[in-house]
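K.L.:
Dumping the structure here so I can ask a few things about it.
Just so it is clear, none of the values below were taken in a lab; they were calculated from the coordinates. Fair warning: this is a prediction, and the values are worked out from it, not measured in the lab. Every residue, glycine among them, receives a Cβ derived from its backbone with ideal geometry; neighbour counts consider all protein chains shown.
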Amino acid sequence: MKGCESVPFFYTSSFKEFVNFVKSMKIFSDISLWWLLPIVAIAVTASVFYYKNQAQLADASKLQKKVLVVLRAVIISLLLLFLLGIIIENKEYKTEKPVFITLVDNSSSMLNYKDSAEVKKKINELTRGIKDNYIDRFDFKEYVVGSDVSDRPIDLLDGESNLDAGFEFIYSQFYNRNIGGICFVSDGNFTTGKNPIYSARKINLTPVFSIGVGDTVVKRDQLVKAVSANQVAFYKNDFPIEVDIEARKMGKGTSVVRLFKGEKEIAQQTVDYTNGKLDFAHVKFLVNANEIGFVRYSVKIENKKNEIKYENNVRTFYIEVIDSRTKVLILAKAPHPDLTSIHSVFEQDENTEAEIKLVSDWNGSLKDYALLVWHNPSADQSILNQIKTNKTPVLYMMTSQAKGGDASALNIGMKLSSRNGIDEVQPELNSQFQLFEISDELKRQLQIWPPLKVPFGKIEINTGNTLISQRIGQVKKTDPILYFGGDMNQKYGVLIGEGLWRWKLTEFAKTQKTSSYTELIQRTTQYLTVKNNTDPFRVILPKRFNKNDEIVLKAEYYNASLERITSPTIKFELKNEQGKVIPYEFAKSSQDYTLSLGKLKPGKYSWSATAILNGKSSKKNGVFVVEDISIEILSTHANHGLLNQIANETNGKFYTLRTCEQLIRDIEKRKDIVNIQYEESNFNDLIDWKWIFALLVILFGGEWFLRRYWGTY
């Protein structure tokens with residue numbers, strides 16, 4: 001709290017206040033206060049000596065001399081007093097009124113009951129009544145809690161209720177404050193976060209007055225309690241959809257659960273209700289992903305007579321089906337065991353489709369392939385043209401028979417010796433390699449794997465990106481076994497040597513697994529196939545939103561130097577499932593673009609964005625979905641038991657919405673909601689006291705005036 005300046009006695013309203021002020025003062029000093037005695041002695045001595053030798057005072061009376069000496073001594077003492085670094089502490093007692101906090105559950109489940117029409121009105125009337133009756137007694141704070149906590153007006157539209165967050169907010173924001181009471185209005189149902197009872201307990205000595213909204217009577221109803229499914233599925237793969245069903249007071253019998261893809265029913269199952277009062281059922285569907293993109297699915301329970309509501313019998317959700325299979329071509333002149341060992345690694349990844357082809361059987365096109373593994377490559381111009389045209393990343397597997405002329409034609413920065421022959425070399429990891437990380441286990445395995453057969457003689461490369469180099473016994477060479485090159489548009493890797501299949505068999509023989517060998521091949525191919533984003537135009541937009549989300553898009557545009565600019569104009573078009581197109585334009589900021597679409601209705605939306613700079617246009621498009629995750633509609637009865645527990649454990653009281661006016665009268669009877677008085681210490685340097693400066697001016701002026709008046713000048 002803000003400190004107040006110490007006030008001299010002539011500013012106090014009475015002598016009693018001045019006495020209390022003086023009593024509360026404490027003096028601290030950098031130097032012992034015993035120095036006050038020498039200071040006073042020095043001041044008096046200097047003053048007496050000064051005026052003793054003043055010839056002008058020869059005719060002055062003894063009284064006049066004494067007055068002048070005293071004035072001069074006081075002035076000198078005050079000036080010397082500042083050298084002690086004196087700090088004055090004085091204590092002030094302040095009174096803090098209690099804070100009365102109203103916390104309202106702002107979730108849409110508050111409107112699920114018969115009293116929903118008057119909920120908002122009743123809450124506002126209660127809040128206004130407490131303020132009107134205790135405006136002078138309390139400070140008031142009002143908050144709503146749904147998916148988050150804020151002081152915005154009540155609208156009861158939040159799609160989630162995190163009641164725990166409300167009490168955590170009060171605990172952190174009003175820590176060590178005098179909280180008189182909390183009026184908590186809710187139906188007691190929460191869909192996310194912890195049980196609020198734990199956070200309410202942390203706010204010590206604060207009564208919580210719970211206001212229960214809704215009906216606690218359990219009504220006849222069945223509902224889709226939860227749907228569990230991966231957000232992403234792979235094209236032509238089967239994926240599971242699991243559904244939890246809850247039935248209350250439905251009686252013994254059966255119900256049919258249907259699964260729809262779009263508007264078409266694709267599966268159904270029958271569930272049995274055996275208890276009749278409260279039943280749970282778990283249903284599992286296995287679905288084939290045979291359509292690429294966002295696919296809408298719905299789970300529906302057949303409607304029964306006299307259910308309290310039918311809205312919670314349906315749950316709609318979207319699965320993104322992607323064709324992420326990476327096609328890899330392994331091309332060779334002749335069969336080789338190394339090719340089989342690499343192909344087996346690709347087969348382990350369900351998202352990779354690898355095929356081995358002989359050059360003689362290949363159709364000559366690389367258009368559909370994300371990676372070419374070329375075994376024993378040669379100066380075949382048709383293949384080289386395909387690599388250049390499609391900018392296909394390549395893993396060149398140079399055998400022990402590789403020739404210098406072929407290496408030069410491939411343009412892979414490697415120079416082979418013209419001497420014939422074969423060397424056997426062991427792998428040695430390059431500790432300076434930084435293009436990607438490998439595991440410690442792979443590093444250990446490289447030390448014990450058997451040697452490879454490589455071309456005889458010196459192997460020179462013009463790149464420093466070597467992952468594995470050669471070692472013969474204890475002699476480490478700079479000649480590479482595996483290195484990487486290329487640019488941002490196309491990367492390549494070069495593996496020199498034969499005998500990879502021995503690495504795989506050796507690891508399996510020692511560890512009964514081939515995880516390190518698999519890691520080496522996967523890390524290599526992943527690095528080669530991941531493309532750098534050099535597109536100057538980028539739109540940042542998630543693929544999933546909730547219907548209650550404020551949808552905000554961002555875009556960036558880069559110049560040739562990869563610096564962000566905002567010169568282009570960016571147009572945006574949004575198309576809903578009905579085919580309606582709505583045009584927008586991005587707003588510019590200092591370095592990027594933003595566009596707010598607000599809240600959108602549930603459904604699938606396609607979009608396109610076009611940036612135009614100097615007559616040249618760049619275009620992006622995509623799809624996103626807005627999901628109707630209406631968890632709050634599942635609540636058909638209130639949980640007043642939770643509200644009662646919170647009130648009891650905090651020494652508060654529970655009320656229903658109908659009887660909440662009683663709270664206004666009960667607050668008056670509370671003896672524990674009182675003002676608190678606290679002590680506040682203020683520290684001030686003596687030199688900062690303005691009244692001492694004023695006193696010095698008065699003393700200097702008084703001395704000068706008296707000397708003039710008595711004619712001593």
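K.L.:
In deg cm²/dmol and to the nearest 500, what is the mean residue ellipticity at 222 nm of the chain if only DSSP H runs of at least 4 residues count, each as -39500 (n - 2.57), divided by the residue total?
P.N.:
After summing the helix terms and dividing by the residues of the chain, the value is -8000 deg cm²/dmol.
K.L.:
Arranged from highest to lowest average of other beta-carbon atoms within 10 Å per residue, in what order do the peptides 407-415, 159-167 appear?
P.N.:
Details: 407-415: 17.7, 159-167: 24.2.
For the peptides 407-415, 159-167, the packing ranking is 159-167, 407-415.
K.L.:
Can you return the aspartates and glutamates within cross-link range of LYS26? Criterion is Cα-Cα under 20 Å, with same-chain partners fewer than 8 residues away left out.
P.N.:
Straight-line reach from LYS26, under 20 Å: GLU5, GLU17, GLU89, GLU92, GLU679, GLU680, ASP685, ASP688.
K.L.:
List every residue whose amide H lies under 5 Å from the amide H of LEU574, counting only residues 5 or more places away in sequence or on a different chain, with H placed 1.01 Å from N in the peptide plane.
P.N.:
ILE582, TYR584
K.L.:
Still on this structure, I have one more. What is the distance in Å between the Cα centroid of the stretch 488-556 and that of the stretch 361-388?
P.N.:
The two parts, judged by their Cα centres, are 21 Å apart.
K.L.:
Identify the residues of the stretch 474-508 with backbone N under 14 Å of a label point that sits 7 angstrom from the Cα of GLN447 along the Cα-to-Cβ direction, or state none.
P.N.:
Residues passing the 14 Å test: 474.
K.L.:
Going toward the positive end of the dipole of the chain, with +1 on Lys and Arg Cβ and -1 on Asp and Glu Cβ, which of ILE170, TRP503, ILE472 do you reach last?
P.N.:
Positive-end residue among those listed: ILE170.
K.L.:
Now for a different question. What are the ³J(HN,Hα) couplings of the stretch 655-668, residue after residue, when phi is run through the Karplus curve with 6.51, -1.76, 1.60 and θ = phi - 60°? Round to Hz, x for glycine and proline.
P.N.:
Each residue of the stretch 655-668 in turn: 9, 8, 4, 6, 10, 5, 5, 4, 4, 4, 6, 5, 4, 4 Hz.
K.L.:
A further question follows. Please list, in chain and number order, the residues 5+ apart from VAL232 or on another chain whose amide H is under 5 Å from its amide H, with Hs placed from the backbone.
P.N.:
Residues meeting the criterion, in which the H sits 1.01 Å from N, are GLU320.
K.L.:
How would the chain be classified by its alpha-carbon gyration tensor: rounded, prolate or oblate, with rounded meaning a/c under 1.5 and the a/b versus b/c comparison settling the rest?
P.N.:
oblate
K.L.:
Moving to a separate point now. In the chain, with Lys and Arg counted as +1 and Asp and Glu as -1 at Cβ, which of these residues, SER561, PHE138, ASN462, has the Cα nearest the positive end of the dipole, that is, farthest along it?
P.N.:
Checking the options against the dipole of the chain, the answer is PHE138.
K.L.:
Here is a further query. If packing is taken as the average number of other Cβ atoms within 10 Å across a peptide's residues, how do 431-438, 98-105 rank, most packed first?
P.N.:
Top of the packing list down: 98-105, 431-438.
K.L.:
Using a Cα-Cα cut-off of under 17 Å, which lysines could be cross-linked to LYS52, ignoring same-chain neighbours fewer than 8 residues away?
P.N.:
Of all the lysines, those that pass the test against LYS52 - Cα under 17 Å, at least 8 places apart if same chain - are LYS62, LYS65, LYS66.
K.L.:
Still on this structure, please answer the following. Between SER418 and GLU302, what length comes free when the chain is fully extended (0.36 nm per residue of separation minus the Cα-Cα distance, one decimal in nm)?
P.N.:
On the way: separation 116, 0.36 × 116 = 41.76 nm, distance 7.94 nm.
Result: 33.8 nm gained on full extension.
K.L.:
If you take every DSSP beta bridge fully contained in the chain, what fraction is antiparallel? Give it as a percent rounded to 5.
P.N.:
Once the DSSP bridges in the chain are tallied, antiparallel ones form about 70 percent.
K.L.:
Okay, next question. About the Cα centre of the stretch 537-627, what is the dipole size in debye to 20, counting +1 per Lys and Arg Cβ and -1 per Asp and Glu Cβ, all else neutral?
P.N.:
The calculation lands at about 240 debye.
K.L.:
Give me the distance between the Cα centres of the stretch 586-631 and the stretch 404-445, rounded to whole Å.
P.N.:
Distance between centres, Cα-based: 46 Å.
K.L.:
For each pair in LYS571/LYS604; LYS333/LYS619; LYS367/LYS513; LYS122/LYS547; LYS202/LYS277, compute the distance between the two Cα atoms and list the pairs where it is over 30 Å.
P.N.:
Values: LYS571/LYS604 20 Å; LYS333/LYS619 42 Å; LYS367/LYS513 35 Å; LYS122/LYS547 28 Å; LYS202/LYS277 37 Å.
The answer is LYS333/LYS619; LYS367/LYS513; LYS202/LYS277.
K.L.:
Efficiency by 1/(1 + (r/R0)^6): what FRET value for LYS66 and ILE698, r their Cβ-Cβ distance, R0 = 30 Å, to the nearest 0.05?
P.N.:
Taking R0 as 30 Å, the efficiency between LYS66 and ILE698 is 0.95.
K.L.:
Among VAL321, VAL581, ALA73, flag the residue with its Cα farthest along the positive direction of the charge dipole of the chain, charges on Cβ as +1 for Lys/Arg and -1 for Asp/Glu.
P.N.:
The residue sitting most towards the positive pole is ALA73.
K.L.:
For the stretch 237-396, state the average projected area of the convex hull of the C-alpha atoms over all orientations, rounded to one decimal in nm².
P.N.:
Averaged projected hull area, Cα only: 13.4 nm².
K.L.:
Right, something else. Taking the Cα-to-Cβ direction at TYR198 and at LEU384 and moving 7 Å from each Cα, how far apart do the two end points lie in nm?
P.N.:
For TYR198 paired with LEU384, the spin-label model returns 6.7 nm.
K.L.:
Moving on. Taking a 19 Å limit on the Cα-Cα distance, which of the listed pairs LYS261/LYS284; LYS327/LYS403; LYS443/LYS477; LYS131/LYS194; LYS236/LYS300; LYS114/LYS141 fall beyond it?
P.N.:
Listed pairs above 19 Å: LYS327/LYS403; LYS131/LYS194; LYS236/LYS300; LYS114/LYS141.
K.L.:
Taking θ = phi - 60°, what integer Hz values does the Karplus form 6.51 cos²θ - 1.76 cosθ + 1.60 yield along the stretch 147-156, in sequence order, with x for Gly and Pro?
P.N.:
With the stated coefficients, the stretch 147-156 comes to 6, 8, 10, 7, 9, 6, x, 6, 10, 6 Hz.
K.L.:
Also, I was wondering about something else. Quick one: which residues, 5+ away or cross-chain, put their amide H under 5 Å from the amide H of THR102? H built at 1.01 Å from N.
P.N.:
Amide H to amide H, under 5 Å and 5 or more residues apart or across chains, THR102 pairs with LYS141, GLU142, TYR143, CYS183.
K.L.:
Quick one: 3J(HN,Hα) in Hz for the stretch 564-576, Karplus 6.51/-1.76/1.60 with θ = phi - 60°, rounded, Gly and Pro as x.
P.N.:
6, 10, 10, 6, x, 9, 10, 9, 9, 10, 10, 10, 8
K.L.:
Going by the alpha-carbon gyration tensor, a ≥ b ≥ c the square roots of its eigenvalues, is the stretch 221-322 rounded (a/c under 1.5) or, if a/c is not under 1.5, prolate (a/b greater than b/c) versus oblate?
P.N.:
Values: a/c = 2.65, a/b = 2.23, b/c = 1.19.
It comes out prolate by the Cα gyration axes.
K.L.:
A follow-up question, please. Rounding to the nearest 20 debye, state how big the charge dipole of the chain is about its Cα centre with +1 on each Lys and Arg Cβ and -1 on each Asp and Glu Cβ. Before the final figure, lay out the partial values.
P.N.:
Details: 92 positive and 83 negative charges, 207 e Å.
In debye, rounded to 20, the chain gives about 1000.
K.L.:
At what distance in angstrom do the alpha carbon centres of the stretch 66-83 and the stretch 113-161 lie from each other?
P.N.:
If you average the Cα positions of each part, the centres end up 65 Å apart.
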